[in-house]
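Here, each number is a calculation from the coordinates, and none is a lab measurement. Keep in mind that this is a model prediction, so the values were computed, not measured. Note that each Cβ is placed from the backbone with ideal geometry, even for glycine, and that neighbours are counted across all protein chains shown.
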Amino acid sequence: MTLPFMDTAPHPRGARIAPRFAHEGIAFGCDYNPEQWSRETWREDMALMREAGVDLVAINIFGWAEIQRPDGSFDFTRLDEVVALLHESGIRINLGTGTSSPPPWLTTRHPEILPVVADGTTRYPGGRQAWCPSSPVFRAAALEVVEAVAQRYGDHDAVELWHVSNELGCHNVHCHCDVSAAAFRVWLERRYGTIDGLNAAWGTAFWSQRYTDWNEILTPRLTLSTRNPSQLLDYRRFSSDALLEYYRAEAAIIRRHSAKPITTNFMVTAHIDGMDYATWASDMDVIANDHYLDHRLPDPHGELSFAADLVRGLAGGAPWLLMEHSTGAVNWQPVNPAKAPGQMMRDTLVHVARGADAACFFQWRASLQGSEKYHSALLPHAGTDTAQWREVRELGTVIGALGEVQGSRVVADAAVLFSWPSWWATDAENSPSSAVGYLDQVHAAHRALRDAGITADVVDPERDLRGYRLIVVPGLHVVTDAAAERLREAVASGAHTLVTFFSGIVDEHDRVRPGGYPAPWRELLGVRVVEFTPTLPDAALTLASGAGARLWAERVVAVDAEIVDRFADGPARGLPALTRRAGEGGAGDAWYLATLLDGGDYTRLVSRIAEAAGLAPEAGAGRDVEVVRRKADDGTTWRFVINHGTEGVDIVVRGTDLVAGVSVDGATTIPGGTVGIFREERA
Ligand code: GAL
């Protein structure tokens, strides 16, 4: 049995070099599940897709049971027909490999592929994605399907893009079966070489956890007490890597049969944290993301903008594809609000403004059966005589008018640092305050920038940060030596930075860096934090300036920094809450914030730092209005103004309004609830 990570040879990338995704204009598309419908319906679908302007359709996403029989043979009759219909209709295909969910005949024959959760119990078929990422049996069966699909359609003219599996790790990222445990050991042996290396990395001197043999190591199943945090962190890395390796196995097969670009749909969103996409990104020919507004969050739209900026960060600033979002309600939150009139247009265009070159939806036609029958779709149950359908057609027209924007890049001079290991470690068991969530910190920082009219890339801390004028580092708990250095060199080269509490505390093994926090940046910031004093979630804090804060205070010593503000109350009363170490010799200023500022105060702070960094806020931007620019290689710029509010917003622009198709010269108003997209006249 060959487990993942045993085969250490690089995966063959094939002789063919995949071209970049090259759709004409901004793609407008959807998932299409023709398995659920009759041939007559397919014909109606083609006509309606054309009517709506749909030009990129993802098929065969859950196709396995449709195309393979229990005896192993394939029957592509229906898929061939769908491919031909789409082709005749001039609709490009985003072709799924079909392996997302194994058919019941496979799980009946091979129950060993079923995933096991942390309490040691099995999760059964009947839903979806019931497979263990490390299972060689599942992999062999799935790769047979990929081979057959890639061979059959690899050169088909209508196929524009390959869609590996679906949302890898949405449900099954953490498997605790014996096969996963064995694969975890292989992964650990590759990482640490010796058992002593592992013992040192995991700090197993604590609680008598010392290992003497690899076989003693398990995945972190549920325990009586809390678990070893370093083990948990490595298990999360392993789990992400196991699925990435699975992706590579599918991609290698496709590559043998097809020169088309390959991707899979990421889930950069607040409720999925299983995959470290920073380690996945370079394997994708184009980055694709699925995003749904999450009404369980206090600020769903803030999260939408954040996610789009993070996806762009993963793409290295290049355009990316919005592979799924919704026209209206989803079906998987406790309460699933519909979108208000005009909201779909605004939400979709936020993604486009922030770098998406495709706006696709789940799904084409609302299902009549299955778990997702109450999920919205482009074509609702009520049919075409509906406001939803009219809005879909209107959106299709607007996207059609934006073709020239395709390929351009978002203009951003600020960055917010984000890392999955920091998310995992901050939100783990036994932290100073379970009320401090990593994403809350990051979202608050991003929201402050957005409200201040500053567009930011959300980027991995280990990448080269030189060139940004402002870098915000919210609660970046895990900081590797490389990441510590990247920020130092960016500040030395002139970037201003704002680092917030609970940053730079541990190294990549979740081992505390001693000597006063945040150890890797003490000199940079000129501060030394000697004790955390988190506050109860409903306790308000006040700073000497009158600014409001909450959640966290700490005892900060300003060693070599100006004290800009102090705690006026709470456990750190009188001590520094905000400091600034002025940059010298061309370096930027380094600010440290020891608490979580309330929204308006946070925005005022980042505005102040941005101004010192020489960043001009986008005119008209604010709490309800997003203003973002995209720029082409030839210097052409487009300004997107998305007004989520009810009041009109006035801006000054010279150029062409792409939505209305008219020229604009001077003051113009974007009415509440609408969007303005302007090609700007060049000076
Ligand atoms: C995604 C998935 C789709 C559909 C959608 C519903 O997670 O890829 O198949 O389930 O969510 O919101």
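I'm checking a number: the convex hull volume of the Cα atoms of region 508-565, normalised per residue, in Å³. What is it?
103
Filter the chain for me: DSSP H helices, axial length by Cα at least 27 angstrom, mean Kyte-Doolittle hydropathy not below -0.5. List them by residue number.
Sorted by number, there is nothing, because no helix extends far enough and scores high enough.
Please work out, to two decimal places, the log10 of the ratio I(q)/I(0) at q = 0.11 Å⁻¹ from a Debye calculation in which every Cα of region 414-612 carries one identical scatterer.
-0.42
Give me the Å³ per residue figure for the convex hull around the C-alpha atoms of region 323-393.
Values: hull volume 6.5 nm³, N = 71.
Spelled out: Cα convex hull of region 323-393, divided by residues, is 91 Å³.
Can you sort S230, S431, S493 by how many other beta carbons sit within 10 Å, fewest first? It would help to have the intermediate numbers written out before the result.
Numbers: S230 22, S431 19, S493 14.
Taking fewest neighbouring Cβ atoms as first place, the list is S493, S431, S230.
Taking a quarter of the surface of the convex hull around the Cα atoms of the chain, what do you get in nm²? Mind dumping the intermediate values first?
Working: hull surface 122.0 nm².
Its Cα hull, projected and averaged over all orientations, spans 30.5 nm².
Quick check: Cα centre of region 396-451 to Cα centre of region 585-625, how many Å?
Cα centroid to Cα centroid, the span is 16 Å.
Using helices alone, what [θ] at 222 nm do you get for the chain, with -39,500 (n - 2.57) per DSSP H run of 4 or more residues, divided over all residues and rounded to the nearest 500?
Numbers: 17 runs with 202 residues, N = 683.
Using -39500 (n - 2.57) per qualifying helix, the result is -9000 deg cm²/dmol.
Once Rh for region 264-404 is found with the Kirkwood sum over Cα pairs, what is the Stokes-Einstein diffusion coefficient at 25 °C and 0.890 mPa s, in µm²/s?
Values: Rh = 15.6 Å.
Approximately 157 µm²/s, per Stokes-Einstein.
So which trypsin sites (Lys or Arg not before Pro) in region 620-649 are both in a DSSP loop and have at most 14 other Cβ atoms within 10 Å of their Cβ?
Those satisfying the criteria are R623.
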